Amino acid sequence: MGRVQPVPPDIGMNLLRIGQEAITNALRYAQAQNLKVELSLATDMITLRIEDKGKGFNPQLANDRRGFGLVSMQQRCDRLGGQFALHSQPEQGTCIIVQIPLTSPSS
């Protein structure tokens, strides 16, 4: 456990909403029994990682049918200049990684 570090409110709110959506998906669709949520802070980056051991899915097949939840997570991340990664395989679970820079692109 590290020390408490303030995060800009817009980043904090968007990470909260992304986390809520990812956890809801894991419980509702993946029927995950195990869920791991990790938030890490570096000097210039904050990373949210949510991993479940649920049903998983093939992202290539789901690309055309992406639900609003996955799209909104991606859009929130994009608005903050971050990177969004989704890794999933049938019967192997899903991992979502969101990385948001803590410095503006012009700095």
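Identify, please: which residue in segment 25-36 is outside any loop (DSSP other than H, G, I, E, B) and out of contact with any Asp or Glu (no Cβ under 8 Å at 6 or more places or on another chain) and is, among those, most open to solvent (accessible area, probe 1.4 Å)? I'd like the intermediate steps shown before the answer.
So the first thing to find is which residues in segment 25-36 are outside any loop (DSSP other than H, G, I, E, B), and the list is 25-28, 35-36.
With out of contact with any Asp or Glu (no Cβ under 8 Å at 6 or more places or on another chain) added as a condition, the list becomes 25, 27-28.
On the way: 25: 32, 27: 106, 28: 146 Å².
Once the filter is applied, the top-ranked residue is 28.
Any chance you could count how many residues in segment 1-24 are open to solvent by less than 90 Å² (accessible area, probe 1.4 Å) and either in contact with a Pro (Cβ under 6 Å, 6 or more places away or on another chain) or aliphatic (A, V, I, L, M) (or both)?
Adding up the residues that qualify gives 7.
Here's a check for you: in segment 71-90, which residue that is open to solvent by 30 Å² or more (accessible area, probe 1.4 Å) and under 15 Å from residue 17 (Cα atoms) is modelled with the lowest pLDDT?
71
The values are calculated or read from the model by the stated rules, or taken from the named source; none is laboratory data. Note that this is a predicted model, so its numbers are computed, not measured. Methodologically, a virtual Cβ is constructed for each residue, glycine included, from the backbone with ideal geometry; neighbour enumeration extends over all protein chains shown. The protein model used for the area step is the full one, side chains on, heavy atoms only, and it has no ligands, DNA or RNA in it. Shrake-Rupley method; radii C 1.70, N 1.55, O 1.52, S 1.80 Å.
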